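Quick notes on the structure that follows.
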Amino acid sequence: MLTSHWVRQREYLLEISRALTAQLDLDAVLEKVLDAATEMLAGQSALIALRQPGGGFAVRAAHGLPLRLMGYFSALLEGIPEQSNHTNFYIPELANKLQQVVLETGLPLRQVVALPMSMGRDLIGVLYVFRAYGGGFTANDRQILGSFADQAAIAVHNAQLYQRLFQEKRRLDAILEYSADGVMILDTGQRITVFNRALAEMTGWPAADASGRHHDEVIVWARLHTEMDLEHALAGGWPLSQEQGAQSPLYVEGDLERRRGGAVSAGITYAPLLDREGRLVNIIASVRDITRFREADRLKSTFVSIVSHELKTPVATILGYAETLARPNAHWKPEMVQEITDTIQGEARRLDRLITDLLDVSRLQAGALPLSMEEEALDAIARRVAQRFQVQTDRHQITVHFPDNFPPVKGDAMRLEQVLDNLVSNAIKYSPRGGRIDIRGHVRRGGVTVSVRDEGIGIPATEQGRIFDAFYRVDDSSSRATGGAGLGLFLARAIVQAHHGSMWVESEPGAGSTFSFSLPYR
Ligand code: ADP
């Protein structure tokens, strides 16, 4: 009888340790341990207290005890030593504490056995088994139970590690997924194993479609700005050819082809992940959209070339004419002097205009254009602008059509005049063969629309979205023939937007353009 009990316990121990080590789910491990311990000790119920990450112990699982009474059992946890193993484990006054719990809960518990679950000197938890009857334990019992508790400790520890690993992984996945930069992870065959949201957005490849594909299928360079791409670097031995020391990441920059057409400027940093033996395990690539940097770069160089050209031309003219006038022994007819000073004035005005525009641009970039809002009559402003330009040209016929009782709008008269000024001056500038220029006003629900239509060279559809950008000019001979810094439309639109309105263009190359803006009443 005794032998069979002993044998059964040993069998149990084996079976349990096999089952436990195969199990990585903490809850399942705890349940098995509780089950086995209750059975082995012929107990009635059991509970496990685990060491908390912040210190101290707390009940983590129970078997055969009503959940709602769990709070009473925390008394049994008081006095658990910080470090211990089963040879010197001792919780003071445990029997008395159980008496107290029985009094409070009315549960028929006679005896409690507390087994330390330790790994080395570290106590990771305590296993309590309750019995309905008293009775001693033999030394043999204790030894077997001790080994069982230690097995259980290992299993619990593993499950805890696994749980932590699992949480870490989830955290890392979330960081990758929601990173503002594109991230992808390649396996040793350069197949994509991870492809995050930002990268999907950037490349137009849904993550599910990109996963499993070869890197070169998804990352296709329309143009490279760096010397080589990943393929060439790998062919050249990167990252393993380096003798020793840190493996340097590879940086590749260029224009990436998007899946459904178009391109995006991107910089990719490839970092090799090696195992202890120095073998390549993964390549981790972080991808940054550098469109804005490149755009800023482009803007800077166009700015410098356009502005220097636009500044140089009038200054050269002014200088030339001023020198002519100043020639000591020349006698100029009064009409000639008039013509020269007119030209000087005209060029100085052009300079003044450019400088004012540049100041407006920097004001806009610094925050907003200050506006002084009044009730303004757009029809009156339009007539003023038309008159001013009509006297400068006889190849163009400028007409103004506004319905009677055109409602006033809230706005800054000077700025609104600047908008119309710009549209009409462009209409003239870009209609070198002349033609009609119509300024029209329309009343709409909630606001008004004003349009300026010309019969000039027109704007190709591909350019229509960009002409409102600062320093942008259509790059063709007819535009190049005229001066301009490409700021007029940028400022005009900014002014309209500051009035809570919008501006757009309709145009057909060769037939003419219509620029319109709408303003709310407010
Ligand atoms: P700028 O006239 O100084 O170049 P704008 O910002 O006023 O600058 O205009 C930007 C570009 O848009 C011009 O260079 C020109 O190519 C195009 N554009 C503007 N208005 C017209 C128009 N009425 N007809 C044809 N092209 C135009």
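What's the total number of residues in the range 449-464 that are closer than 18 Å to Ile495 by Cα and within 11 Å of the ligand (Cβ to nearest atom)?
1
For Leu50, are the conditions met, namely being under 23 Å from Gly135 (Cβ atoms), modelled with pLDDT of 90 or more and aliphatic (A, V, I, L, M)?
no
Quick one: would you say Gly446 is at pLDDT below 90, within 8 Å of the ligand (Cβ to nearest atom), of a type in the set (Gly, Ala, Ser) and on the phi > 0 side of the Ramachandran plot? Quick ask: steps written out before the conclusion?
Numbers: at pLDDT below 90: yes; within 8 Å of the ligand (Cβ to nearest atom): no; of a type in the set (Gly, Ala, Ser): yes; on the phi > 0 side of the Ramachandran plot: yes.
The answer is no for Gly446.
Of these, Gly484, Gly488, which one is out of contact with any strand residue (DSSP E or B) (no Cβ under 8 Å at 6 or more places or on another chain), within 20 Å of Ala386 (Cα to Cα) and near the ligand (Cβ under 6 Å from one of its atoms)?
Only one candidate passes the filter, namely Gly488.
Residues checked against (1) assigned by TED's automatic domain parsing to the domain that holds Val281; (2) aliphatic (A, V, I, L, M):
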{"site": "Gly146", "(1), (2)": "no, no"}
{"site": "Asp150", "(1), (2)": "no, no"}
{"site": "Gln167", "(1), (2)": "no, no"}
{"site": "Gly189", "(1), (2)": "yes, no"}
{"site": "Ile192", "(1), (2)": "yes, yes"}
{"site": "Met202", "(1), (2)": "yes, yes"}
{"site": "Asp209", "(1), (2)": "yes, no"}
{"site": "Asp216", "(1), (2)": "yes, no"}
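Check the range 512-522 and report whether any residue there is surrounded by fewer than 16 Cβ atoms within 10 Å (Cβ to Cβ), more than 7 Å from the ligand (Cβ to nearest atom), of a type in the set (D, E, K, R) and touching a residue at least 60 places away in the same chain (Cβ under 8 Å).
Step one: of the range 512-522, the residues surrounded by fewer than 16 Cβ atoms within 10 Å (Cβ to Cβ) are 520-522.
Filter once more, keeping what is more than 7 Å from the ligand (Cβ to nearest atom): 520-522.
Okay, now just the ones that are also of a type in the set (D, E, K, R), so 522.
Cutting the leftovers down to touching a residue at least 60 places away in the same chain (Cβ under 8 Å) gives us 522.
Yes, the range 512-522 has at least one match.
Could you grab me the full set of residues in the range 432-441 that are assigned to a strand (DSSP E or B), surrounded by 15 or more Cβ atoms within 10 Å (Cβ to Cβ) and either within 12 Å of the ligand (Cβ to nearest atom) or of a type outside the set (A, V, I, L, M) (or both)?
The answer is Gly435, Ile437, Asp438, Arg440, Gly441.
What's the number of the only condition in (1) surrounded by fewer than 13 Cβ atoms within 10 Å (Cβ to Cβ); (2) free of Cβ contacts under 8 Å to residues at least 24 places away in the same chain that Leu273 fails to meet?
Condition not satisfied by Leu273: (1).
Tell me, please, whether a residue that is buried (at least 17 other Cβ atoms within 10 Å of the Cβ), closer than 20 Å to Leu354 by Cα and more than 11 Å from the ligand (Cβ to nearest atom) can be found in the range 495-510.
yes
Go over the candidates Thr87, Thr21 one by one and state the one that is exposed (fewer than 12 other Cβ atoms within 10 Å of the Cβ), in the same structural domain as Gly120 (by TED's automatic domain parsing) and β-branched (Val, Ile, Thr).
So the residue among Thr87, Thr21 that is exposed (fewer than 12 other Cβ atoms within 10 Å of the Cβ), in the same structural domain as Gly120 (by TED's automatic domain parsing) and β-branched (Val, Ile, Thr) is Thr87.
Would you pick out the residues in the range 301-358 that are among the β-branched types (Val, Ile, Thr) and over 47 Å from the mean Cα position of the chain (by Cα)?
Correct list: Thr317, Ile318, Thr324, Val337, Ile340, Thr341, Thr343, Ile344.
So that you can scan it fast, the table gives a plain yes or no per residue for (1) out of contact with any helix residue (DSSP H, G or I) (no Cβ under 6 Å at 6 or more places or on another chain); (2) surrounded by 17 or more Cβ atoms within 10 Å (Cβ to Cβ):
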{"site": "Val419", "(1), (2)": "no, yes"}
{"site": "Val424", "(1), (2)": "no, yes"}
{"site": "Tyr430", "(1), (2)": "yes, yes"}
{"site": "Arg444", "(1), (2)": "yes, no"}
{"site": "Gly456", "(1), (2)": "yes, yes"}
{"site": "Tyr472", "(1), (2)": "yes, yes"}
{"site": "Gly483", "(1), (2)": "yes, no"}
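When the range 168-202 is examined, which residues are found to be part of a helix (DSSP H, G or I) and over 14 Å from the mean Cα position of the chain (by Cα)?
Taking the range 168-202 and keeping what is part of a helix (DSSP H, G or I), we get 168-178, 197-202.
Within the range 168-202, Glu168, Lys169, Arg170, Arg171, Leu172, Asp173 meet the criteria.
Considering only strands (runs of 3 or more DSSP E) fully contained in the range 17-124, which possess at least 1 residues that are under 14 Å from Ala149 (Cβ atoms)?
By residue number, 45-51, 111-119.
Taking the range 139-188, which residues are loosely packed, with under 12 Cβ neighbours inside 10 Å and in contact with a helix residue (DSSP H, G or I) (Cβ under 9 Å, 6 or more places away or on another chain)?
Passing the criteria: Tyr178, Ala180.
Which residues, taken from the range 53-65, are closer than 26 Å to Gly135 by Cβ and surrounded by fewer than 16 Cβ atoms within 10 Å (Cβ to Cβ)?
Gly64
Scan the range 411-431 for residues that are within 12 Å of the ligand (Cβ to nearest atom), more than 40 Å from the chain's Cα centre (by Cα) and of a type in the set (A, V, I, L, M) and jot them down.
Those that are within 12 Å of the ligand (Cβ to nearest atom), more than 40 Å from the chain's Cα centre (by Cα) and of a type in the set (A, V, I, L, M): Val424, Ala427, Ile428.
Does Tyr251 satisfy the criteria of being within 30 Å of Leu34 (Cβ to Cβ), surrounded by fewer than 20 Cβ atoms within 10 Å (Cβ to Cβ) and among the aromatic types (Phe, Trp, Tyr)? Steps first, answer last, please.
Details: within 30 Å of Leu34 (Cβ to Cβ): no; surrounded by fewer than 20 Cβ atoms within 10 Å (Cβ to Cβ): yes; among the aromatic types (Phe, Trp, Tyr): yes.
In short, no.
The values are calculated or read from the model by the stated rules, or taken from the named source; none is laboratory data. Computed from a predicted structure; not experimentally measured. Ideal geometry is used to build each Cβ from the backbone, glycine not excepted, and the neighbour counts take in all protein chains shown.
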